[in-house]
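Data block below; observations after.
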Amino acid sequence: MANLKEIRTRIASVGSTQQITSAMKMVSASKLRKSQNAITKLRPYSSKMTEIIQSLCDNDVSDLPYARNSKPETVLLVVLTSNKGLCSSFNANIIKSAMQRVGFWQEQDRYIKIDLLSYGKRGSDFFKKQTNINFIGGDDDIWDRLSFDNVSKVADFIMETFTDKKYDRIEIIYNQFKNASTQILQCEQFLPIELKAAEQENSSKKKDYIYEPNKSEILSNIIPQSLKMQMYKCFLDSFASEHGARMTSMHKATDNAENLLKELKLTYNKARQAAITNEIIEICSGAEALNG
């Protein structure tokens, strides 16, 4: 049985760890509330914006710069991870999904050029070391200044690469926030924009809009705005998912530390009792020897 000093040292160590995980849980919970409110408020707006575009676009969208449909020869993957760890499998799932997506496109055509853009230090550190991926960088610091204006700059850059025909397809890989304990892994097509088949087939159900000055000019302005909103939604989803995953992870760590402390204290009490019993036996044996 371990000596009492070793057990006391371990109890103190586990107690200190429990305090840290408990504090991190509270910090993540606070950040989660803010990010959850932000994504919850944004989703209806983003959904309505998409609905309007679906209604405005008819079957023939070949003249739109963001709707160019062709066989993909160059693909850009935009991967959203976090800058920090201790959030369970949040980053590992994203990285695994990105690698699977790279493999998918390579299976389609081994001549397809695949570039990868990462936002989040955990993902960037991993992809930099991969020899089979053309990692083109990213901006890991964007999570420290997450706002619509900053994400819009990212969206503008990505949209420009598409309109300049540098890429034929652009996808975003991220975690969609459902609740604090559940994140849904997503691989979302960002460009070219795609229309729902149901919307195209049921054109008679489309709302009748009055265009001023004209439909073409409205689309040229509303589609970039919608894409920026889509990108911002992805970033907010990922941000909320990160804090939800970290809060859940720290909650489990705190509970595990509590259970471990109970076991250590029980072991300590048993060891202490055994030591006291041994001392009593030694005293009694010594007394009997003297009396004998």
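Per-residue extension of 0.36 nm, minus the Cα-Cα distance of residue 166 and residue 277, leaves a gain of 32.0 nm for this segment.
Between residue 258 and residue 108, what is 0.36 nm times their sequence separation minus the Cα-Cα distance? Round to one decimal in nm.
Numbers: separation 150, 0.36 × 150 = 54.00 nm, distance 5.06 nm.
Computed gain between residue 258 and residue 108 is 48.9 nm.
Between the range 165-180 and the range 83-147, how many Å separate their Cα centres? So the two Cα centres are separated by 11 Å.
Dividing the summed helix terms, -39500 (n - 2.57) for each DSSP H run of n ≥ 4, by the number of residues in the chain produces a 222 nm estimate of -22000 deg cm²/dmol to the nearest 500.
Sorting 235, 104 on solvent-accessible area from highest to lowest, probe radius 1.4 Å, gives 104, 235. For the range 98-195, the Kirkwood hydrodynamic radius comes to 15.0 Å, computed from all pairs of different C-alpha atoms.
D by Stokes-Einstein for the range 137-292, Kirkwood Rh over Cα pairs, 20 °C, 1.002 mPa s: 98 µm²/s. If you line up the long axis of helix 148-163 against the longest principal axis of the chain, both from Cα atoms, how many degrees apart are they, to the nearest 10? With both axes taken from Cα atoms, the answer is about 50 degrees. One decimal place: the segment residue 188-residue 149 gains 11.9 nm when fully extended, by the rule 0.36 nm per residue minus the C-alpha distance.
Binning all Cα-Cα separations of the range 1-45 at 10 Å, short to long from zero, yields these whole-percent fractions: 23, 24, 20, 15, 11, 5, 1.
Measuring nothing but alpha carbons in the range 18-96 and taking Rh as the Kirkwood radius, the Rg to Rh ratio lands at 1.15.
Helix 90-108 and the longest principal axis of the C-alpha atoms of the chain enclose an angle of approximately 40°. Rounding to the nearest 10 and keeping the result within 0 to 90°, find how far the Cα-based axis of helix 4-56 lies from the longest principal axis of the chain. Result, in degrees: 10.
The values are calculated or read from the model by the stated rules, or taken from the named source; none is laboratory data. Values in this document were obtained by computation on a predicted structure and should not be read as measured data. The area values use the complete protein model at the heavy-atom level, side chains included, leaving out ligands, DNA and RNA. Shrake-Rupley method; radii C 1.70, N 1.55, O 1.52, S 1.80 Å.
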